[in-house]
1. All but one of (1) over 27 Å from GLU95 (Cβ atoms); (2) assigned to a helix (DSSP H, G or I) hold for MET174; state the number of the condition that does not hold.
2. Pairs only if they're at least six apart or on different chains, beta carbon under 6 angstrom, first in region 303-329 and farther than 28 Å from SER272 by Cβ, second polar (S, T, N, Q) and surrounded by 14 or more Cβ atoms within 10 Å (Cβ to Cβ); list them, first residue then second.
3. Those residues that are assigned to a loop (DSSP other than H, G, I, E, B) and farther than 23 Å from ALA347 by Cβ, I need them from region 183-212; list them, please.
4. Determine the pairs where a residue that is over 29 Å from TYR488 (Cα atoms), located within region 61-85, has a partner that is of a type in the set (Lys, Arg) and surrounded by fewer than 22 Cβ atoms within 10 Å (Cβ to Cβ) with Cβ atoms under 8 Å apart, the partner being 6 or more residues away or on another chain.
5. Hey, among the residues in region 294-312 that are in contact with a Lys or Arg (Cβ under 9 Å, 6 or more places away or on another chain) and surrounded by 17 or more Cβ atoms within 10 Å (Cβ to Cβ), which one's farthest from SER395 (Cα to Cα)?
6. Would you tally the residues in region 98-118 being assigned to a loop (DSSP other than H, G, I, E, B) and either surrounded by fewer than 19 Cβ atoms within 10 Å (Cβ to Cβ) or in contact with a Ser or Thr (Cβ under 7 Å, 6 or more places away or on another chain) (or both)?
7. If you go through region 490-501 one residue at a time, do you hit one that is over 30 Å from LYS418 (Cβ atoms) and in contact with a Gly (Cβ under 6 Å, 6 or more places away or on another chain)?
8. Residue under question is THR449, and the condition is that it be of a type outside the set (Lys, Arg), under 23 Å from GLU158 (Cβ atoms), touching a strand residue (DSSP E or B) at 6+ places or on another chain (Cβ under 7 Å) and in a helix (DSSP H, G or I); does it hold?
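We did not get these values from a lab; they are worked out from the coordinates using the rules stated. These figures come from a predicted structure and were not determined experimentally. Cβ placement follows ideal geometry from the backbone for every residue including glycine, while neighbour counts extend to all protein chains displayed.
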Amino acid sequence: MKNIVIVLILLLVSCEEPKEKADLIVINANIYTVDQEFSKATAFAIRDNKFLAIETDSILLNTYDADLVIDVEGKTIVPGLIDAHCHFYELGLTEQFVDLNGTRSFEEILNRLKNYTDKNTPQVIRGRGWDQNDWEIKEFPTRQKLDSLYPNTPVVLERIDGHAFLVNGKMLEMAGIDGDTEVSGGEIIKESDIPTGLLVDGPMGMVTTALPKPDLQTRIRALKEAERICFNNGLTTVNDAGLPWEIISLIDSLQRAGELSIRIYGMVSGNSENLNYLSRGPVKTDRLNVRSVKVYADGALGSRGAALKKEYSDLAGHFGAMVTPVSDIEAMAMRIKDSEFQMNTHAIGDSANTVVLRAYKRALKGTKDRRWKIEHAQIIDPADFDSFEGGIIPSVQPTHATSDMYWAEDRLGPERIKGAYAFKTLLDRSGIVALGTDFPVEKVSPFHTFYAATARKDLDQFPEGGYRMAEALSREEALRGMTIWAAYSNFEDNEKGSIEVGKWADFVVLNKDLMTIPEEEILTLQAEHVYLSGQIAE
């Protein structure tokens with residue numbers, strides 16, 4: 001009998017199924033998968049850079065084995081975070097500019113420039129981040145003091161929204177701008193027919209053309225620095241809203257060489273030169289996806305460049321301006337419709353949004369699943385909200401609402417503001433919203449996006465009770481907007497945006513549970529570890 005028992009035990013052991021091999025197992029986690037059911041799990045296995053299984057600890061450990069098993073000690077894990085609208089390359093470049101963010105007066109700007117030039121001797125003085133709306137005297141600055149301090153060195157100071165330059169006389173001379181210069185799609189601010197140095201939208205291109213281009217090493221350094229900042233903030237994919245093909249090619253070469261890791265959804269800048277590349281078709285690798293064209297309909301509200309149907313409430317007779325003529329937007333929509341590319345159009349004012357929605361509707365008639373986006377969709381005529389029901393995706397930036405709330409109603413008036421920053425209404429109409437930051441216009445942190453979307457407050461937790469809370473998103477909606485909905489808007493929902501079998505193993509380990517912590521603690525959220533394809537991002 002004893003021998004029979006031993007034989008039975010040996011038979012049972014020999015019949016045990018061998019465990020399946022994985023590359024990495026993560027256990028003891030609080031995982032928000034962001035799948036269709038918004039289900040949760042405690043463990044997952046990764047193999048060949050993709051999620052292999054998502055289960056409970058016991059089931060997964062009984063089924064899989066790996067040389068590396070990580071116990072995250074109950075910490076929260078979410079899918080890799082996606083910024084659906086930013087300026088990745090520009091972020092890297094502006095890291096090399098004088099930082100003018102947070103300045104409270106023009107005098108403070110001048111002090112920062114002096115501190116910089118006391119230590120550096122640049123060929124061109126570049127700065128970015130000023131906002132006259134934050135100053136006690138909320139008027140656009142002029143170039144006189146810049147001319148006095150820097151008569152022979154060109155100075156270009158970019159407004160925080162990227163839609164206005166303040167330049168000095170030397171830069172005006174280099175750009176060929178004088179009292180007789182006229183430019184469509186924007187404005188050269190003049191006093192007594194003499195340029196003040198303030199350029200809004202269209203004429204900024206003359207300055208950009210006149211400036212020396214960054215050399216190759218500067219461009220590479222900019223891309224790597226932007227990647228470092230994004231990984232530190234928990235981002236695994238960024239949508240760069242407007243790139244020339246030469247930078248797209250540089251990104252591709254750096255990624256293929258292993259010098260750049262972050263995933264990039266690149267929107268091609270919608271000028272005539274870049275549009276000639278449409279016939280080549282999209283670019284798609286594991287790290288780079290280029291299948292959209294970025295078009296500018298109008299300017300920004302802060303610089304009064306947004307195109308409005310009625311005059312600005314705080315500037316009689318001023319309506320803003322279309323950066324791209326209406327006929328050109330309509331023609332581009334028809335041209336892009338016949339390609340494999342998506343059309344993503346910057347539209348801030350209610351007039352600009354109406355123009356773009358009408359052009360989209362006409363071009364997309366009879367087509368399916370094109371996922372064209374309106375970037376910002378910031379001020380909507382109530383009659384236009386229903387236009388988002390036809391598959392047009394609003395790509396919005398929640399922190400714009402909390403940055404602009406101090407003065408936006410002054411620009412728009414009490415009635416028109418009701419259609420502005422209306423994220424919940426847009427979600428109800430379209431079914432999804434893709435969420436981004438528009439960095440470096442706003443800070444990079446996706447947790448600021450999450451907080452602004454749900455609490456509708458600034459970083460000082462103002463106002464008490466939140467700003468127009470009827471337009472707030474739930475935490476689940478906000479997380480979806482930063483993951484699976486953003487991925488869907490990029491035609492990438494089958495490969496990322498949620499923790500599901502077969503998708504890239506992109507995920508973020510957080511220091512707190514973003515779904516349950518008190519509202520004020522959202523601002524202390526941090527990405528402790530960021531994984532890309534199952535590897536620590538670096």
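1. Status for MET174: all satisfied but (1).
2. Hits for this filter: LYS309/SER351.
3. SER192, ASP193, LEU211, PRO212
4. If the second residue must be of a type in the set (Lys, Arg) and surrounded by fewer than 22 Cβ atoms within 10 Å (Cβ to Cβ), the pairs left are ASN62/LYS19; THR63/LYS19; TYR64/LYS19; TYR64/LYS21; ASP65/LYS19; ASP65/LYS21; ALA66/LYS21.
5. TYR312
6. Final tally of qualifying residues: 5.
7. No, because not a single residue in region 490-501 is over 30 Å from LYS418 (Cβ atoms) and in contact with a Gly (Cβ under 6 Å, 6 or more places away or on another chain).
8. Spelling it out, THR449 is indeed of a type outside the set (Lys, Arg), under 23 Å from GLU158 (Cβ atoms), touching a strand residue (DSSP E or B) at 6+ places or on another chain (Cβ under 7 Å) and in a helix (DSSP H, G or I).
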